[in-house]
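Right, one structure below, let's go through it.
The values are calculated or read from the model by the stated rules, or taken from the named source; none is laboratory data. Bear in mind the structure is a predicted one, so any value in this text is a computation, not a measurement. When we count neighbours, we look across all protein chains shown, and the Cβ atoms used for this are built from the backbone with ideal geometry, even at glycine. Heads up: the accessible areas ignore ligands, DNA and RNA and are worked out on the full protein's heavy atoms, side chains in. Shrake-Rupley method; radii C 1.70, N 1.55, O 1.52, S 1.80 Å.
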Amino acid sequence: MDKQITLYVVRHGQTYFNIYNKLQGWSNSPLTEAGIADAQQAGDRLKTVPFAAAYCSDTTRAEQTARTILAANQSTPAPKLTTSPFFREEFYGYYEGTDMAQAWYLAGAPHGVPTFKDIESTYSIGKAKDFLKEADPFRQAENNQEYWARVDQGFDLIRQNPYLKDGDQVLMISHGNTLLSLMERYGQGKYDLSVRPANGSLTKLLLTPDDIQVLSYNQKD
């Protein structure tokens with residue numbers, strides 16, 4: 001029987017790069033005190049959900065958020081946490097750690113769209129990835145195709161887990177632009193992509209053998 005899995009996708013807690021408005025893809029910056037509180041609050045909201053497994057990127061902010069949530073969780077047995085680079089945020093290449101407004105200006109201005117919001121509303125979030133790679137002097141930032149080739153492997157990793165069965169619930173810690181990218185790809189135009197998901201917010205996805213359905217997005221309570 002084909003299995004369907006409900007993913008409880010939480011954006012990691014607030015980090016210092018979030019405060020400073022810097023691009024934070026594969027780079028690491030620690031959770032702030034507010035970020036730790038974000039994770040604790042998410043853990044409290046989800047403490048009675050019987051998670052069968054948990055996944056996050058191999059970044060400090062994601063792993064710390066995941067372990068904080070799992071520490072509060074009452075599942076028996078305790079779910080195993082799997083970390084993988086497949087779940088990382090978009091890689092911004094040369095622009096890692098750059099002020100977000102400056103980076104998106106350099107990416108979008110040559111195309112007449114000087115802000116991320118302009119790029120998203122005129123083109124797409126996928127095209128923002130392509131523009132940033134074009135603007136990267138090292139061409140190491142991920143374009144849209146490269147990004148999804150990696151992230152799709154993460155969802156396949158969950159699908160192929162032999163210990164998961166139909167109807168299981170799984171915790172997944174994710175990132176801001178990744179959540180926006182998921183909404184653009186699977187949200188059927190129902191969500192405002194100009195608003196970034198909150199740190200510690202919950203998005204629920206139904207993972208099927210060949211698709212992803214959005215059940216809810218960016219819930220904080």
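Among the residues of the range 1-43, just one is in contact with a Pro (Cβ under 9 Å, 6 or more places away or on another chain), touching a residue at least 24 places away in the same chain (Cβ under 8 Å), open to solvent by 40 Å² or more (accessible area, probe 1.4 Å) and closer than 15 Å to ARG61 by Cα, namely TRP26. Scanning the range 186-203 for residues that are at negative phi and part of a loop (DSSP other than H, G, I, E, B) yields a total of 12. Is it the case that TYR123 is more than 15 Å from TRP26 (Cα to Cα), at pLDDT 95 or above and not hydrophobic (A, V, I, L, M, F, W, C)? It is true that TYR123 is more than 15 Å from TRP26 (Cα to Cα), at pLDDT 95 or above and not hydrophobic (A, V, I, L, M, F, W, C). Contact annotation: residue pairs with Cβ atoms under 8 Å, 6 or more positions apart or on different chains, pairing a residue in the range 64-81 that is farther than 15 Å from GLY200 by Cβ with a partner that is among the polar types (S, T, N, Q) and buried (at least 18 other Cβ atoms within 10 Å of the Cβ), are PRO79/ASN73.
Among the helices (runs of 4 or more DSSP H) confined to the range 88-185, the ones with at least 2 residues that are touching a residue at least 12 places away in the same chain (Cβ under 8 Å) and closer than 20 Å to ASN218 by Cβ are located at 116-122, 125-135, 144-159. The single condition among (1) at pLDDT 95 or above; (2) touching a Ser or Thr at 6+ places or on another chain (Cβ under 7 Å); (3) open to solvent by 30 Å² or more (accessible area, probe 1.4 Å) that LEU179 does not satisfy is (3).
Take the residues of the range 183-203 that are hydroxyl-bearing (Ser, Thr, Tyr) and open to solvent by less than 30 Å² (accessible area, probe 1.4 Å): which is nearest to PHE51 (Cα to Cα)?
Per the stated criteria, the residue is THR203.
Residues in the range 44-59 that are β-branched (Val, Ile, Thr) and either under 12 Å from SER174 (Cα atoms) or open to solvent by 50 Å² or more (accessible area, probe 1.4 Å) (or both): THR48, THR59. Taking PHE116 and the conditions (1) in contact with a Lys or Arg (Cβ under 8 Å, 6 or more places away or on another chain); (2) surrounded by 21 or more Cβ atoms within 10 Å (Cβ to Cβ); (3) not β-branched (Val, Ile, Thr), which numbered condition does it fall short on, given that it satisfies the others? Here PHE116 meets the rest and fails (1).
Can you name the residue in the range 204-221 that is part of a strand (DSSP E or B) and among the β-branched types (Val, Ile, Thr) and, of all such residues, is surrounded by the fewest Cβ atoms within 10 Å (Cβ to Cβ)?
Out of the qualifying residues, it is ILE212.
For the range 131-155, residues that are open to solvent by less than 60 Å² (accessible area, probe 1.4 Å), out of contact with any Ser or Thr (no Cβ under 9 Å at 6 or more places or on another chain) and not small (Gly, Ala, Ser) total 9. Of all residues in the range 159-173, those that are surrounded by 15 or more Cβ atoms within 10 Å (Cβ to Cβ) and either at positive phi or among the hydrophobic types (A, V, I, L, M, F, W, C) (or both) total 5. Quick test for you: out of TYR163, TYR147, pick the one residue that is aromatic (Phe, Trp, Tyr) and under 17 Å from the mean Cα position of the chain (by Cα). Checking each option against the conditions leaves just TYR147. So, of the residues in the range 68-91 that are under 20 Å from LEU164 (Cα atoms) and either out of contact with any Leu (no Cβ under 9 Å at 6 or more places or on another chain) or of a type in the set (Lys, Arg) (or both), which turns out to be least open to solvent (accessible area, probe 1.4 Å)? That would be SER75.
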